[in-house]
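Working notes, beginning with the structure itself.
The values are calculated or read from the model by the stated rules, or taken from the named source; none is laboratory data. Nothing here was measured: the structure is a model prediction, and the numbers come from that model. Cβ: placed from backbone, ideal geometry, glycine included. Neighbour counts: every protein chain shown. Just the protein is used for accessible areas: all its heavy atoms, side chains included, with ligands, DNA and RNA removed. Shrake-Rupley method; radii C 1.70, N 1.55, O 1.52, S 1.80 Å.
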Amino acid sequence: MSFDGRELRNALGRFATGVCIVTAVSDTQQALGMTANSFSSVSLDPPLVLWSLQNNSDAYDVFARPRHFAINILSNKQQAHSSQYARKGQHELDPAHYRLGKYGAPVIRDALVTFECELHATHEGGDHLIIVGEVREMHQRPSGEPLLFYCGSYRELH
């Protein structure tokens, strides 16, 4: 390898992504959220999406194999939510930020889109766990702009 990990991370950061909060409920019924930008669509039939969880995450046990979880795509008005739930040890959801969805996973209020998922599969992927969910329910706002992340900073569409 002719590059180091920091160089690779910086290069990958040149790919603009949306920002999501993945949500689940712990075994003790605590609603938790984690900011992620590793979201991707997989399949339309069946409807599958994925996200990646770092193996040394402080909330790994909750997010690695939940039966149900939600992927909430944030609007550009929700940067504070993204920053709050990106911090280590700061995953407990503020009750004002969510409601429970049809399958029991927390749904972030005013997200652009929420995909309520049932766990379909997990795959080891280096220092991450790739989590594939089958979309069981979907909620979309009729308007709004996405929160974007590029080169280590939040961005907006112009």
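Filtered by the rule that a residue be part of a loop (DSSP other than H, G, I, E, B) and either open to solvent by 50 Å² or more (accessible area, probe 1.4 Å) or of a type outside the set (Gly, Ala, Ser) (or both), region 49-63 gives Asn55, Asn56, Asp58.
Residues in region 1-51 that are small (Gly, Ala, Ser) and farther than 23 Å from Glu145 by Cα: 7 in all.
Applying the criterion of being surrounded by fewer than 13 Cβ atoms within 10 Å (Cβ to Cβ) and not hydrophobic (A, V, I, L, M, F, W, C) to the residues of region 88-123, the residue that is nearest to Arg155 (Cα to Cα) is Lys88. Against the conditions (1) of a type in the set (Ser, Thr, Tyr); (2) over 14 Å from Tyr154 (Cα atoms); (3) open to solvent by 30 Å² or more (accessible area, probe 1.4 Å), Tyr85 satisfies every one except (3).
Note down all Cβ pairs under 7 Å where the first residue falls in region 20-39 and is closer than 12 Å to Leu74 by Cα and without any contact (Cβ under 8 Å) to a residue 60 or more places away in the chain, the second is of a type outside the set (A, V, I, L, M) and open to solvent by 40 Å² or more (accessible area, probe 1.4 Å), and they're at least six residues apart or on different chains. Close Cβ pairs (under 7 Å, with a partner that is of a type outside the set (A, V, I, L, M) and open to solvent by 40 Å² or more (accessible area, probe 1.4 Å)) amount to Cys20/Asn37; Cys20/Phe39.
Taking the criterion of being open to solvent by 90 Å² or more (accessible area, probe 1.4 Å) and outside any strand (DSSP E or B), the residues of region 5-46 that qualify are Arg6, Glu7, Arg9, Leu12, Arg14, Phe15, Asp27, Thr28, Gln29, Asp45.
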